[in-house]
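I have placed the structure first, in the form of C-alpha cells, so that the comments after it can refer back to it.
Since every read-out is calculated from the coordinates, none of them should be taken as a lab result. Small disclaimer: the values here were computed from a predicted structure and weren't measured. Virtual Cβ from ideal backbone geometry, glycine too; neighbours counted across all protein chains shown.
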Amino acid sequence: MNTSNAQLVKLSQQIYKEWYRNTVLVQSCSNEFEGELNLETRELDIPVFHDLSVHTTSLKERELKPAKIEFIRASTKRVSIDKGRYSHWGETTISKLVDKLSKATSETRKKLIKKWALEAEKELAVWVAKLPVKHQIDLITNITPADGILDKESLFEFLDILKAHAEDQDMSPEDFTLFVSSRFETVIRDSKILLGSNLSADDAFKKGYVGVADNVTVRKHEIKALTSRNATTKVVEAEWGIWKTRDGIQYVVPYKNTITYEISPDQILLGGNAYQSIEYYDFFNLYPARLKKVKIRYVADKTPPTSF
C-alpha cells in the first residue's frame, strides 16, 4: 500500500509535466515561485525583479567620484492561490489505479492530460481577453484600411504597431511573443514574408511554433474561445491576439497530488475509498505593461468575442 501511494504521488508529478507540454499559452508564462504552499493560508511568494540602473559620466567625474556599488536585489510579491483542478478516478483499488495510469499507452491518462491542457489554455486565454482596456491594442481602428481588416497588405503596419507599443514603454519587442490563431499564420503565408528564427532549437520545436515575422515571434494556439468564426465554414473572422513577455503572466502550480476520498454507500455498495488527482494553481500579472490583448479583424464588420 505504501509503495502504491508513493507511486500515485509520482504519477501526479508526471501528469502535470505531460499536460503542461501540451499547452502553448500556459507554457509561455513564468512559473517561478518561492517557498512551499501553505494549504491553510494558500500563500506563496513570486520573485519581482528590478531593472538595473545605468550611470552616465565623464572620465574625469568617474575618476573623482565613482558611482556607488550596486547589488542586484530582487523582492517578492506575496500572492494567494485561489484555483484548483481535479478529476475523480473511477477505481477503488489503488493497485489497479496505479497500474492503469502507469502504462505508457494509458488511454485514461492521455484523456486527462488532453482535457487539463485544453481547460488550462482556455481559462488563461479568457482571463487575458477580459483584461481592462488599458491592456488593449486595438488593431481594428489603428491600422490604415478603413474597414480595419488585417490582410497581407496591412500586415507590416500591424507588426510595426505592435513593436511600437513595446518600444514606447522602453522595452524590446524581441522580448515579446504574439499568440494568435491559424488564420494569422495564413495572412503571413499570403504576404510572402520569409519566416526566420531567433529562438533555440528547443523553443522552435515547441507546440504552436510559427516563426519570426519582421522581428516579431509568432506562436499559434488552438483556443476557440478567443475567436469569432463564420457560422458555416467555421473560419476565424476576428480574434483576440495576445502580445506578451514571459513574465507578462506568472502561472504557478505549487501543489500536485493524488488524494484519497470516501465514497458514500449510496454511490457504491458499502461505500469505500476512491482517488482524486488534484492541483492547486493560479496566475497573475505583476508587470502590466508586459501583457496586451490585441483586437484583430480579418472580415469587415466582425469583432472578437466579448461574452465568455
Peptide ranges 30-38, 179-187, 102-110, 296-304 listed from the most packed, as the mean C-beta count within 10 angstrom indicates: 179-187, 296-304, 30-38, 102-110
In sequence order, calculated HN-Hα J values of the range 241-258 (Karplus, 6.51, -1.76, 1.60; Hz; x Gly/Pro): x, 10, 10, 8, 9, 4, 8, x, 9, 9, 10, 10, 10, x, 9, 9, 7, 10
Highest-first arrangement of 244-254, 155-165, where packing means the average Cβ count within 10 Å: 244-254, 155-165
Built amide H within the under 5 Å cut-off of VAL235, gap 5+: ASN230
Positive dipole terminus of the range 218-268, leading residue within ILE268, SER228, VAL252 (C-beta point charges): SER228
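Using a ≥ b ≥ c from the Cα gyration tensor of the chain (square roots of the eigenvalues), is it rounded, prolate or oblate, where a/c under 1.5 gives rounded and otherwise the larger of a/b and b/c decides, a/b for prolate? Present the calculation step by step, with values, prior to reporting the outcome.
Working: a/c = 2.38, a/b = 1.36, b/c = 1.75.
Here the chain falls in the oblate category.
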Simple label model, 7 Å out from Cα along Cβ direction - ASN38 to THR93, nm: 4.3
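Quick one: dipole size for the chain, taken about the Cα centre, charges +1 on Lys/Arg Cβ and -1 on Asp/Glu Cβ, in debye to the nearest 20. Kindly include the intermediate steps, with their values, before the conclusion.
On the way: 45 positive and 43 negative charges, 141 e Å.
The dipole magnitude comes to about 680 debye.
If neighbour count is taken as other Cβ atoms inside 10 Å, put ASP82, ASP175 in order from fewest to most.
Details: ASP82 9, ASP175 14.
Ordered from fewest to most neighbouring Cβ atoms within 10 Å, ASP82, ASP175 come out as ASP82, ASP175.
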Which of ALA213, THR141, GLN13, positive extreme of dipole for the chain (C-beta unit charges): GLN13
Dipole of the chain [Lys/Arg +1, Asp/Glu -1 at C-beta], most positive-end residue of SER277, SER80, ALA129: SER277
